[in-house]
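Here is the structure we will look at, set down as structure tokens.
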Amino acid sequence: MKKYNCPSCGAEVTFQSSLSVYAVCLYCRSMIVRHDVDVESIGTMASLPDDMSPLQIGTEGFYQGRSFSIIGRMKIGWEDGAWNEWFLYMGDGEKAWLAEAQGSYAISREIEQPATRDTERALGGWIAAFESKETKGFDDTAAGPELGSSIMIENQQLRVVDIRRTICLGSEGELPFAAPRGRETLSVDLSGSNGEFCCIEIMDGKKRTYLGNYVEWDEMRCQNLRTLEGW
Amino acid sequence: MDESMHDKQPPSVTAASPPPEKPKGKPKTLKCPACAGTITVKAVGITINAVCSSCSSVIDITNENYQIIEKANQNTRKTLLDIGCRGRLSGVEWEVIGYIEKTDASGKYNWDEYLLYNPYYGFRFLVQDSGHWNFVKVLRQDVPGAGISSEILFEGQKFARFLTGEAIVSYVKGEFYWRVKKGERTFVADYIAPPRMLSFEKNDQEISVSLGEYIENDVVVDAFAVKGKMPYKTGVAPNQPAPDQAWFGKLWRVAATAFAIVLAVQFTTCAIADNTEVYHEQIEVSPQQKDQTITTASFNIPKAGNVLIQSSSPIQNDWVELDMSLVNDRTNEQYELKQAIEYYQGHDGGEDWTEGSTSANTYISRVPAGSYRLLMDMDAGALMRNSPVFLSLTIMRDVPAWSNFWLATVSIFIYPLYTLLKRWRFEKTRWSESDFPPAIYRILEQEEEDAS
């Protein structure tokens with residue numbers, strides 16, 4: 001854990017994970033980026049849209065027998081709604097993400113070499129199409145693997161279930177990259193027949209692949225939950 | 001706004017002071033842009049379309065602009081489960097936050113879908129169709145073959161295709177995490193493995209597969225404290241478990257075990273039976289003896305038990321009738337019996353045929369030990385024609401009998417067979433509503449139709 005002072009308000013800003021490079025000050029909502037020795041403010045984060053999520057920064061739980069704690073969040077919006085991407089600091093020091101969308105939960109970790117060369121080539125279609133930014137919506141038929149098609153990722157047959165342009169609606173806590181409002185990505189969701197979850201995120205001509213599983217609420221055995229009125 | 005917040009720095013923040021309180025999650029209220037009534041949203045942050053409870057207009061709440069998607073000016077319809085009511089199912093408390101009425105392509109057939117919400121467990125659907133209820137969860141995992149194959153293997157269980165068709169949204173109220181639209185059409189394919197059902201739904205934007213589980217009406221009534229009258233249950237629902245589903249297999253296992261025991265008893269009885277001959281005689285009866293009683297020599301039956309009287313005669317196209325009486329020499333106790341030997345054969349239309357047999361067997365059960373004679377009066381075709389009759393008579397004792405065995409077998413299987421028939425009728429009713437009935441139900445139905 002490393003501590004800094006907010007360049008804006010002077011309050012203490014902690015980075016629990018050495019993998020975090022960005023944090024939002026709890027007090028003044030300054031967006032702070034961590035460099036080698038110091039921190040820099042890159043602006044102020046507006047408050048996040050309301051939701052009924054039972055999760056919050058500080059919530060602790062388990063995934064595949066290992067503990068995690070939530071240290072950050074991105075609120076992601078798309079044409080038909082919004083969801084939460086919770087940044088997890090795992091017990092083993094690794095990072096992971098908990099996607100909370102429409103009342104379902106999926107935990108995934110970033111993987112380096114996800115696909116075969118053929119799959120990579122196909123994914124290139126998405127990158128190119130997203131980069132061109134000619135159309136506002138995303139024409140999936142012109143680009144990479146289309147909705148409903150299967151691709152191999154880490155020797156697992158996964159089906160493309162969603163391709164959508166997303167925009168960051170806000171962030172809080174600490175994150176492994178700067179996530180200001182308006183950060184745009186192309187997000188492709190895939191799922192496997194045994195509950196595998198995969199998300200390919202395309203941004204700035206690069207892609208990041210996250211692979212994991214859908215999880216049930218009870219499986220996570222969460223603690224330190226947010227208070228929900230009426231529940 | 002962002003900038004003003006930036007400027008307004010907290011005056012004296014120290015590392016020790018607690019961070020600002022995080023707002024707790026709570027329902028959100030907004031003003032209906034159509035009628036200015038209040039709309040309360042429960043699944044805040046997830047709901048994107050809400051129907052105003054005052055004017056029934058559909059409002060897009062994806063962002064703060066609150067656009068009217070469909071303007072209306074009418075009261076919301078009353079439904080069996082009202083928006084806002086709560087109930088416990090599968091150990092989780094659910095709140096009804098949405099209601100959709102759907103119809104098939106013909107518009108004549110409709111059903112109810114209630115959207116249930118719990119902030120921890122997400123969403124479920126409670127579906128009412130012809131008085132039958134299903135508790136449904138949308139699946140996140142990929143289900144290969146859904147909507148295409150005639151059979152799906154899911155979680156090690158085979159699901160058979162039952163129906164394909166269209167579902168059209170005919171009425172909505174409450175709030176939804178997707179865009180709802182009256183008149184929207186969805187292609188639907190249902191697969192069953194009672195009490196479970198896999199439903200595949202596809203429209204222009206989305207493909208989804210959900211898993212439903214049949215639940216009894218009482219469960220719904222108890223869970224949601226339903227006051228109104230439950231819709232009348234008609235027919236057999238696609239994934240309704242057969243009434244005897246729980247013990248059907250058990251019943252057959254019990255029957256099979258009972259049969260195995262009966263079989264073992266029978267074989268043991270056969271193995272330990274004495275099965276010995278107590279009397280044998282070849283008798284020639286002349287036409288002169290026609291009206292006389294023929295009496296055998298005395299023979300001894302050493303132990304009580306059954307007695308088998310076997311008579312045979314090498315006749316052809318002829319008959320022999322015997323009135324017999326087994327008489328105890330000491331007590332004069334009699335066992336009367338009749339035997340008939342008939343045997344015919346011939347050649348007809350290029351085929352040989354035979355009818356009857358040249359021998360007859362009769363069992364007498366529980367004959368006490370003692371000395372006996374057999375008395376018989378014979379009548380025969382040959383005697384009428386003034387020809388002699390040759391009769392071979394054999395008397396056996398303690399012969400293994402099969403009649404009890406068959407009686408026991410029938411008693412064992414009569415009820416299981418009855419339940420099998422009932423089960424078959426139930427399954428036939430179920431599949432009569434299907435587009436893809438298995439051959440066994442389809443063929444018989446065809447015959448019935450042809451007959452009527």
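Values quoted throughout were computed directly from the atomic coordinates according to the rules given, and no laboratory measurement underlies them. Being a predicted model, the structure only gives us computed values, none of them experimental. Cβ placement follows ideal geometry from the backbone for every residue including glycine, while neighbour counts extend to all protein chains displayed.
Determine the alpha carbon to alpha carbon distance for each of B:71/B:229; B:71/B:108; B:108/B:158; B:108/B:182 and list only those over 22 Å.
Those over the limit are B:71/B:229; B:71/B:108; B:108/B:158.
What value, in deg cm²/dmol to 500, does the helix sum -39500 (n - 2.57) over DSSP H runs of n ≥ 4 give at 222 nm once divided by the residues of chain A?
-2500 deg cm²/dmol
If R0 is 51 Å, what FRET efficiency do you get for residue B:106 and residue A:167 from their C-beta distance, rounded to 0.05?
0.75
For the protein assembly as shown, what is the charge dipole size about the Cα centre, in debye to the nearest 20, if Lys and Arg each add +1 at the Cβ and Asp and Glu each add -1 at the Cβ?
I would put it at about 2580 debye.
What ³J(HN,Hα) values, in whole Hz, does the Karplus curve 6.51 cos²θ - 1.76 cosθ + 1.60 give for the range B:151-161 when θ = phi - 60°, with x put for Gly and Pro?
8, 10, 9, 9, 6, x, 10, 8, 10, 9, 5
Using Cα springs under 10 Å in a Gaussian network model of chain A, which residue among A:192, A:148, A:58 shows the largest mean-square fluctuation?
With Cα springs under 10 Å in chain A, the top fluctuation among A:192, A:148, A:58 is at A:148.
Full extension from residue B:366 to residue B:73: what is 0.36 nm times the residue separation minus their Cα-Cα distance, to one decimal in nm?
Using 0.36 nm per residue and subtracting the Cα-Cα distance, I get 96.4 nm.
What ³J(HN,Hα) values, in whole Hz, does the Karplus curve 6.51 cos²θ - 1.76 cosθ + 1.60 give for the range B:307-320 when θ = phi - 60°, with x put for Gly and Pro?
10, 10, 10, 10, 10, 9, 9, x, 8, 9, 6, 8, 9, 9
Can you grab the distance from the C-alpha centre of the range B:385-441 to the C-alpha centre of the range B:195-239, Å, no decimals?
41
Given +1 on the Cβ of Lys and Arg, -1 on the Cβ of Asp and Glu, and no further charges, what dipole in debye does chain B carry about its Cα centre, rounded to the nearest 20?
2860
For the range B:274-399, what is the relative contact order in percent, using Cα pairs closer than 8 Å and at least 6 residues apart in sequence?
On the way: 307 pairs, mean separation 60.6, N = 126.
Reported relative contact order: 48 percent.
Suppose R0 equals 56 Å. What FRET efficiency, 1/(1 + (r/R0)^6) with r the Cβ-Cβ distance, do residue B:164 and residue B:345 give to the nearest 0.05?
Once rounded, the FRET efficiency stands at 0.35.
Put +1 on the Cβ of each Lys and Arg and -1 on the Cβ of each Asp and Glu in chain B; which of B:360, B:295, B:436 then has its Cα farthest toward the positive end of the dipole?
The residue sitting most towards the positive pole is B:436.
Can you give the Kirkwood hydrodynamic radius of the range A:2-44 from its Cα pairs, in Å with one decimal?
Numbers: mean 1/r = 0.1002 Å⁻¹.
Kirkwood hydrodynamic radius for the range A:2-44: 10.0 Å.
Using a 4.7 Å Cβ cut-off, which Cys residues in chain B lack a partner cysteine?
Singleton cysteines: B:85, B:270.
Would you please put A:5-12, B:365-372 in order of how densely packed they are, using the mean number of other Cβ atoms within 10 angstrom per residue and starting with the highest?
A:5-12, B:365-372
Just want the ordering: B:336, A:174, from fewest to most Cβ atoms lying within 10 Å of their own Cβ.
On the way: B:336 11, A:174 24.
Fewest to most other Cβ atoms nearby, the residues stand as B:336, A:174.
R0 = 45 Å: FRET efficiency of residue B:82 with residue A:111, Cβ-based, nearest 0.05?
Values: r = 47 Å, r/R0 = 1.05.
Computed FRET efficiency for residue B:82 and residue A:111: 0.45.
With the Cα gyration tensor of the range B:28-70 in hand, convert its eigenvalues to equivalent ellipsoid semi-axes via √(5λ) and list them largest first in whole Å.
Gyration-tensor ellipsoid for the range B:28-70: 14, 11, 9 Å.
Determine Rg/Rh for the range A:156-231; Rg is computed over alpha-carbon atoms and Rh is the Kirkwood hydrodynamic estimate from the same atoms.
My calculation of the ratio gives 1.04.
Using Cβ-Cβ distances only, list the Cys residues of chain A with no partner cysteine under 4.7 Å, sorted by number.
Here A:168, A:198, A:199, A:222 come out as lacking a disulfide-compatible partner, given the Cβ-Cβ threshold of under 4.7 Å.
Can you give the mean number of other chain Cβ atoms that lie within 10 Å of the Cβ atoms in peptide A:49-57? Could you put the intermediate results ahead of the total?
Working: counts 4, 8, 8, 16, 6, 5, 3, 4, 2.
What the average comes to for A:49-57 is 6.
Give me a single rounded figure for A:94-105: the average over its residues of other chain Cβ atoms within 10 Å of their Cβ.
That works out to 3 on average.
Distance between the C-alpha centers of the range A:34-49 and the range A:141-216? Whole Å please.
That distance is 25 Å.
What is the mean number of Cβ atoms from other protein chains located within 10 Å of the Cβ atom of each residue in peptide A:75-81, rounded to a whole number?
Rounded to a whole number, the mean comes out at 4.
For the range B:274-399, divide the Cα radius of gyration by the Kirkwood radius and give the resulting Rg/Rh value with two decimals.
Working: Rg = 16.0 Å, Rh = 15.5 Å.
The Rg/Rh ratio comes out at 1.03.
How big is the Kirkwood radius of the range B:184-263, worked out from every pair of different alpha carbons and given in Å to one decimal? Let's see the in-between values first.
On the way: mean 1/r = 0.0615 Å⁻¹.
Roughly 16.3 Å, rounded to one decimal.
If packing is taken as the average count of other Cβ atoms within 10 Å, what order do B:160-169, A:118-127, B:39-48, B:289-298 fall into, highest mean first?
B:39-48, B:160-169, A:118-127, B:289-298
Binning at 10 angstrom from zero up to the longest distance, how are the C-alpha pair distances of chain A distributed in percent?
For chain A, the pair-distance distribution reads 7, 31, 36, 21, 5, 0.
Taking the highest mean first, how do the peptides B:413-420, B:140-147 order by number of other beta carbon atoms within 10 angstrom per residue?
Highest to lowest by the protection proxy: B:140-147, B:413-420.
Whole-Å semi-axes of the protein assembly as shown's equivalent ellipsoid, largest first, each the root of 5 times a Cα gyration tensor eigenvalue?
Working through the eigenvalues yields semi-axes of 85, 28, 25 Å.
For chain B, treating each Cα as an identical point scatterer without solvent, what Debye log10 I(q)/I(0) comes out at q = 0.07 1/Å?
Log-scaled intensity ratios, in q order: -0.64.
Separation of the range B:84-142 and the range B:316-346 by C-alpha centroid, Å?
Comparing the Cα centres of the range B:84-142 and the range B:316-346, I get a distance of 76 Å.
After finding the eigenvalues of the alpha carbon gyration tensor for the range B:67-176, what semi-axes result from the square roots of 5 times each, listed largest first in whole Å? Mind showing how you got there, number by number?
On the way: eigenvalues 144, 81, 37 Å².
That gives 27, 20, 14 Å for the three semi-axes.
With θ set to phi - 60° and the Karplus curve 6.51 cos²θ - 1.76 cosθ + 1.60, what are the ³J(HN,Hα) couplings of the range B:374-381 in order, to the nearest whole Hz, using x for Gly and Pro?
Coupling constants for the range B:374-381: 10, 9, 9, 10, 10, 10, 7, x Hz.
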